[in-house]
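This is the structure, below, for whatever I ask next.
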Amino acid sequence: MSLRIRHTASPVNIFTVMTNLARQEKAHNLSQGLPDYDIAPELNELLREAVINGFNQYAPMQGLLELREHISDALNSRYNTRFCSPDTVTVTPGATYGIYTALAAIIEKGDEVIYLEPAFDCYLPAIEINGGIPVSVTLERFNNFDINWEKIQNAVSTKTKAILINTPHNPTGYVWTQHDWDQLAAIIDGKEIYVISDEVYDSIVFDGRQHIPGFLQEPFNNKVISIYSFGKAFHITGWKIGYCVASKAISEAFRSIHQYLTFSVNTPAQYALAKYLQIYDPEEAARMLQAKRDLLINGLHSSGLRQLTTSAGTYFQLYDYSEISNLNDVEFAQWLTVTHKVATIPLSAFYKTPQKDRIVRFCFAKKDEVIEKAAEILRHIS
Ligand code: PMP
C-alpha cells in the first residue's frame, strides 16, 4: 500500500527541477524567483541584534505587536487609508503558507475556487488539499493574457466560495488597475464569494505605476484577504516571512487555523523587520528591479527571443522562443540550461494543462553581471 498524493499537481515541481539542473550545470540562473545579490546590511545587523538581545522564544500567535503596528502604519500611509491596524494584520511564515491558510479558513469540502491561469504553482494543490474544487479560467496568449471578465463571470456558480487572484502577476508582470478591481466587485456583488489576493510583489511595480491592494476595495473589503511576503519586498526569500491583511472577522478566522498550523513565526526575523520598516526606503526595490528589467530587455533586444508585454511589476519577463526552437517549453528550458548554461522556467509550469505556447520566463532579480552574461549568450543563439 502506498500513500495517496492528495492533489493533481506534479509531485516535484519544475521550479525544483530547473533550480537543481541550473546548479548542476553551473548555469547563469534566471530561473527561480530568488535574488542572488546581498541583502541590506542593516537587516543582517538587526537579525544579529535580535538574537543577542534575547528575542529567541515564541512570539505571540498573531505576530509581534511592534511589527504589526509598523506594517499597519506603513500600509495606511502608503495607501492613504485607515483600514489597517494590528488586529487586521497577521504575521505568517511566508505567502505560500498565507494562501494555504486563507483557503483553509474560507472554504469547505466541495466549495469551488476560481483562479486564473497562468498561475503560481501552489494555488491548485492548496485548493485541492483543502477539499476545494479548483475552477481555472485560462488567460490566453493570443489575447496578451488580458483578464477575460466574461470568462470569469461564466465560471461563477452557486458553489463558488472564493476567487484567488494575483497582482502584480507572476509570470506575466501584469499589474491590476482600479478598472480590474471594479470588474471583480461587480461579479461578486451580493454573493458570499471571498477574494484571496496574492500581492507578494506589491512593492515591485515599474514606470511610476501604483499597486492597488485588495483590502482597499470598499465594496468588498470585508470579504478579501491580501497576502504579502517580506521575501520579495526585501530580497530575503529564505527568511520565509510575510503577513496577511484582512478585516477583523476574516483575520480571526485565519488565526483560528494559523494557531494550529504553526502557532507563531520566527521571532528574531520579526524583531529585525519591525526595526527595518522604520528606516527602509519603500521605493528602493522597485527602482533597483526596474533597472534590472531594463538591463535584461536591452540585452535581449537583438536576440532571437521575442519579448512579450513589458513587465509592469514582479521579478519576471516573458519571452517567446519560437523563432529559435521547435522544442516544447520544458525541453527548451532544459536544453538551454545544459547546452548554453542559461536557466529559465517554462511557462507550462503555470498551467494545469500545459498550453502549446513556446514561452519561457526569465527572472531578472539577479546580479547585473549574471543578467549581462546570460543576455550575451542568448544573443548568440539562432
Ligand atoms: N505568490 C507568488 C505569486 C510568488 O511568486 C511567490 C514566490 N515565488 C509566492 C507567492 C510565495 O512567497 P513566499 O516565499 O513568501 O511563500
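Please indicate, with yes or no, whether at least one residue in the range 254-264 is within 30 Å of ASP38 (Cα to Cα) and either within 16 Å of the ligand (Cβ to nearest atom) or touching a Leu at 6+ places or on another chain (Cβ under 6 Å) (or both).
Yes, some residue in the range 254-264 is within 30 Å of ASP38 (Cα to Cα) and either within 16 Å of the ligand (Cβ to nearest atom) or touching a Leu at 6+ places or on another chain (Cβ under 6 Å) (or both).
Give the range 151-188 a look and list any residue that's part of a helix (DSSP H, G or I) and among the aromatic types (Phe, Trp, Tyr), or say none.
TRP181, the sole residue that qualifies.
Is it fair to say ASP111 is of a type outside the set (S, T, N, Q), farther than 17 Å from VAL195 by Cα and in the same structural domain as GLN178 (by TED's automatic domain parsing)?
So ASP111 does not fit the description; no.
Shifting gears a bit: On the basis of being farther than 25 Å from LEU164 by Cα, touching a residue at least 60 places away in the same chain (Cβ under 8 Å) and within 16 Å of the ligand (Cβ to nearest atom), does PRO35 make the cut?
So PRO35 fits the description; yes.
Also, quick follow-up: Within the range 281-307, restricting attention to residues that are farther than 30 Å from GLU69 by Cβ and in a loop (DSSP other than H, G, I, E, B), which residue is farthest from the ligand (Cβ to nearest atom)?
Once the filter is applied, the top-ranked residue is SER302.
Now, a different point. Out of the range 166-194, which residues are within 15 Å of the ligand (Cβ to nearest atom) and surrounded by fewer than 24 Cβ atoms within 10 Å (Cβ to Cβ)?
Within the range 166-194, TYR174, VAL175, TRP176 meet the criteria.
Just to be sure I understand the filter: pairs with C-beta atoms under 8 Å, separated by 6 or more residues or on different chains, first member in the range 115-128 and farther than 16 Å from TYR97 by Cβ, second member outside any loop (DSSP other than H, G, I, E, B) and within 8 Å of the ligand (Cβ to nearest atom). Which pairs pass?
Correct list of pairs: LEU116/ASN166; ALA119/ASN166.
Which condition number in (1) in contact with a helix residue (DSSP H, G or I) (Cβ under 7 Å, 6 or more places away or on another chain); (2) within 23 Å of LEU124 (Cβ to Cβ); (3) of a type in the set (Lys, Arg) is the one that LYS341 fails?
Unmet condition: (2).
Here's a follow-up. Could you list all residues from the range 136-154 that are farther than 19 Å from ASP121 by Cα and surrounded by fewer than 18 Cβ atoms within 10 Å (Cβ to Cβ)?
Once the filter is applied, which keeps residues that are farther than 19 Å from ASP121 by Cα and surrounded by fewer than 18 Cβ atoms within 10 Å (Cβ to Cβ), the range 136-154 yields PHE142, ASN143, ASN144, ASP146, ASN148, TRP149, GLU150, LYS151, GLN153, ASN154.
A further question on this structure: For the range 9-30, state whether one or more residues are within 16 Å of the ligand (Cβ to nearest atom) and at positive phi.
No, the range 9-30 contains no residue that is within 16 Å of the ligand (Cβ to nearest atom) and at positive phi.
Now, a different point. Taking the conditions exactly as written (touching a Lys or Arg at 6+ places or on another chain (Cβ under 6 Å), outside the structural domain of ILE345 (by TED's automatic domain parsing) and surrounded by fewer than 18 Cβ atoms within 10 Å (Cβ to Cβ)), does ASP87 satisfy them or not?
Criteria met by ASP87.
Rundown of residues vs (1) part of a helix (DSSP H, G or I); (2) away from the ligand (no atom under 16 Å from the Cβ), yes/no style:
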{"site": "THR309", "(1), (2)": "no, yes"}
{"site": "GLN317", "(1), (2)": "no, no"}
{"site": "GLU323", "(1), (2)": "no, yes"}
{"site": "LEU327", "(1), (2)": "no, yes"}
{"site": "VAL330", "(1), (2)": "yes, yes"}
{"site": "ALA333", "(1), (2)": "yes, yes"}
{"site": "LEU336", "(1), (2)": "yes, yes"}
{"site": "THR339", "(1), (2)": "yes, yes"}
{"site": "ALA349", "(1), (2)": "yes, no"}
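Shifting gears a bit: Go through the range 1-32 and report how many residues are free of Cβ contacts under 8 Å to residues at least 12 places away in the same chain, aliphatic (A, V, I, L, M) and either loosely packed, with under 12 Cβ neighbours inside 10 Å or part of a loop (DSSP other than H, G, I, E, B) (or both).
Of the residues in the range 1-32, 4 are free of Cβ contacts under 8 Å to residues at least 12 places away in the same chain, aliphatic (A, V, I, L, M) and either loosely packed, with under 12 Cβ neighbours inside 10 Å or part of a loop (DSSP other than H, G, I, E, B) (or both).
Is one or more of the residues making up the range 232-240 touching a helix residue (DSSP H, G or I) at 6+ places or on another chain (Cβ under 9 Å), buried (at least 22 other Cβ atoms within 10 Å of the Cβ) and among the basic types (Lys, Arg)?
yes
The values are calculated or read from the model by the stated rules, or taken from the named source; none is laboratory data. It should be emphasised that the depicted structure is a prediction, and the values quoted were computed from it without experimental measurement. Quick reminder, even Gly has a Cβ in these numbers, built from the backbone with ideal geometry, and neighbours come from all protein chains shown.
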